[in-house]
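Working notes for the structure below.
The values are calculated or read from the model by the stated rules, or taken from the named source; none is laboratory data. Values in this document were obtained by computation on a predicted structure and should not be read as measured data. A quick note on method: Cβ atoms are made from the backbone with ideal geometry, for glycine too, and the neighbour counts reach across all protein chains shown.
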Amino acid sequence: MAAIRLIILGRQGSGKGTQCVRLVEAYGPVHVSTGDMLRSAVAEGTELGLRASALMDAGDLVPDDVMIGIVVDRLAKSDVVEHGFLLDGFPRTPAQAEALEEILSDTGADGVRAFNIEVPVDEVMERMLARGRGDDTEEAIRRRLDLYESTTAPLLAWFEEHGLLSVVDGLGTEDEVFDRLRTAIEAVSE
């Protein structure tokens, strides 16, 4: 199989992190998370990293143009070019998805595919409450999930309209979900 280019989406508590680790082990792509990219750009002192650092230090969100620039830089690195990527936390908006599509078409790379690990809100709420983290109050979880819904619904719609979205049932054991993900990936990679 050629180098894969995946985007993993899903509500908090859907098991995304666990499945990302397993997908990297199974297929060998570079796990690229927005947090890691931002920290790396800041540590390297790149122009975009310095802009992002100033914004984050001021408590502001990093705007699309800076985030897209950081992603462009990261996806151009040799490890990603050779092994493909598993994007986690990017894109977050349809504008970022369009930019990613353009980045990939400019490099002549095969397209990207998004996989949404679908777990009902009630189930992720139970999972997150069961973790017992101090900031995981029912109200805080509901607020994060509401924000996810409002910001991610347009992104899911964008991927669906472009024929790039696969929805995977996220209920069941880690192995069952991984088997479904692997089946979905292999179905679109043929």
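Looking only at the stretch 46-55, decide whether some residue is under 27 Å from Val188 (Cβ atoms) and of a type outside the set (Ser, Thr, Tyr). Looking through the stretch 46-55, none of the residues is under 27 Å from Val188 (Cβ atoms) and of a type outside the set (Ser, Thr, Tyr).
The residue that is farthest from the chain's Cα centre (by Cα), counting only those in the stretch 141-179 that are among the aliphatic types (A, V, I, L, M) and not in a helix (DSSP H, G or I), is Leu171. Applying the selection to the stretch 21-45, what residues are surrounded by 16 or more Cβ atoms within 10 Å (Cβ to Cβ) and over 12 Å from Phe85 (Cβ atoms)? If the condition is that a residue be surrounded by 16 or more Cβ atoms within 10 Å (Cβ to Cβ) and over 12 Å from Phe85 (Cβ atoms), then Arg22, Thr34, Leu38, Ser40, Ala41, Val42 are the ones that fit.
Name the single residue, out of those in the stretch 46-83 being polar (S, T, N, Q) and surrounded by 11 or more Cβ atoms within 10 Å (Cβ to Cβ), that is nearest to Val30 (Cα to Cα). Once the filter is applied, the top-ranked residue is Thr46. For the stretch 162-184, the candidate set comprises residues that are of a type outside the set (Gly, Ala, Ser) and modelled with pLDDT under 95; within that set, the residue that is surrounded by the fewest Cβ atoms within 10 Å (Cβ to Cβ) is His162. Scanning the stretch 127-140 for residues that are surrounded by 14 or more Cβ atoms within 10 Å (Cβ to Cβ) and either closer than 23 Å to Asp169 by Cβ or within 16 Å of the chain's Cα centre (by Cα) (or both) turns up Arg127, Met128, Leu129.
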